[in-house]
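The values are calculated or read from the model by the stated rules, or taken from the named source; none is laboratory data. Here the structure is a predicted model, which is why all the values come from computation and not from measurement. Cβ placement follows ideal geometry from the backbone for every residue including glycine, while neighbour counts extend to all protein chains displayed. Surface areas here come from the heavy atoms of the whole protein model, side chains and all, with no ligands, DNA or RNA. Shrake-Rupley method; radii C 1.70, N 1.55, O 1.52, S 1.80 Å.
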Amino acid sequence: MQRLNHSLLFAVIFVIVVCHFPRCSLAEGRQPMPTGPVLAHPEWQDRWLKSQEQASTDEEAVKATVDAYYQLKYESARNDTLYDFGFLFFTEDEAGRDTYAYERGRLQYELACWRMWNTLLKSYEYAPIYEQVDVQGDLATVVVRPRAYVVSRASPERTDEFGKEPHRLVLVRRDNRWLIQREQYSDEQTPILPYGTDFDKLTRELPERVKKFLEEDKAKEGELRELAPERFERTPGNAPAEGSSRFFGRGLKLAIAVCGSAALVGAGVLLRRRRRIRSCHFAH
């Protein structure tokens with residue numbers, strides 16, 4: 001299986017068009033707990049419980065909790081099922097409860113996006129990079145890059161690297177088990193999907209927002225054709241690939257998901273390959 005170590009599109013193109021996106025934070029209220037369907041995964045839970053009992057060191061037990069958390073997310077994307085990772089969180093604490101609610105809601109929304117564009121995972125190989133594991137009594141701090149080599153259903157011929165951004169987690173030991181209390185990271189979506197986001201609402205409104213965006217995008221393309229027809233001429237330098245958007249480089253499929261009142265989001269990684277995105281795509 002070929003691995004592409006440079007940044008590529010792993011499942012969808014991450015596109016952002018931001019204008020008057022409703023922002024909120026935990027300062028304005030606690031993170032809403034999503035109500036979408038979630039499924040327990042007894043096999044993973046049993047495996048995790050055994051890891052906590054059999055770990056020879058605290059560091060090993062801490063890593064087992066962290067690994068179970070991220071792998072359940074990848075499993076969810078592969079099986080198109082939101083697996084509940086709540087058993088890995090210390091939800092008796094407000095920070096733990098809010099972190100769990102946010103990550104569960106965000107994954108719920110991402111699955112809806114990927115499902116709509118057939119960009120769920122076909123397979124993955126989990127290969128985390130641990131930069132720090134510091135255990136002090138019943139408190140542990142971890143810095144990890146939850147990397148995985150993934151293959152999407154839309155592009156089974158390609159393997160992409162995902163999860164390279166560092167995540168800082170704080171874990172606490174309760175009843176001889178290490179549980180996640182907080183998680184901090186910054187990726188392409190965190191500025192647009194801040195804490196406090198109502199993921200139930202975004203998921204519910206996703207189909208209509210995508211439909212509206214596509215209609216508006218088609219109208220804009222028509223206007224551009226009239227104003228600058230030469231930009232749409234098929235030349236060796238700008239000929240669009242069959243089945244791909246004319247607004248992007250060759251061979252790239254447009255996979256989008258809309259969130260907020262005027263924000264376009266495709267849950268995934270930023271497109272870092274050569275691309276041509278005209279200024280008219282961005283709301284002002």
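A simple rule links phi to the HN-Hα coupling: the Karplus curve 6.51 cos²θ - 1.76 cosθ + 1.60 with θ = phi - 60°, which for region 124-129 gives 7, 10, 6, 9, x, 10 Hz, with x for Gly and Pro.
Taking the protein heavy atoms of region 36-191 in the context of the full set of protein chains, the accessible area attributed to carbon and sulfur is 43 percent at 1.4 Å.
Label positions at Met33 and Lys211, each projected 7 Å from the Cα along the C-beta direction, are separated by 3.3 nm. Percent of Cα pairs in region 62-101 per distance bin of 5 Å, from zero to the largest separation: 6, 24, 26, 24, 15, 5, 1.
For region 110-184, the convex hull spanned by the alpha carbon atoms encloses 111 Å³ per residue.
At the listed q of 0.21, 0.26 Å⁻¹, the Debye profile of region 158-225, built from one uniform point per Cα, gives log10 I(q)/I(0) equal to -1.03, -1.07. Taking N as the residue count of region 166-205, its C-alpha radius of gyration divided by 2.2 N^0.38 Å amounts to 1.59. Only Lys, Arg, Asp and Glu carry charge here, each on its Cβ (+1 for the first two, -1 for the last two); on that basis region 154-217 has a dipole of about 560 debye about its Cα centre. The calculated FRET efficiency for Glu60 paired with Asp198, based on their beta-carbon distance and R0 = 30 Å, is about 0.20.
No solvent, one uniform scatterer per C-alpha: report log10 I(q)/I(0) for region 37-180 via the Debye equation at q = 0.19, 0.20 1/Å, two decimals. At q = 0.19, 0.20 Å⁻¹ the computed log10 ratios are -1.20, -1.31.
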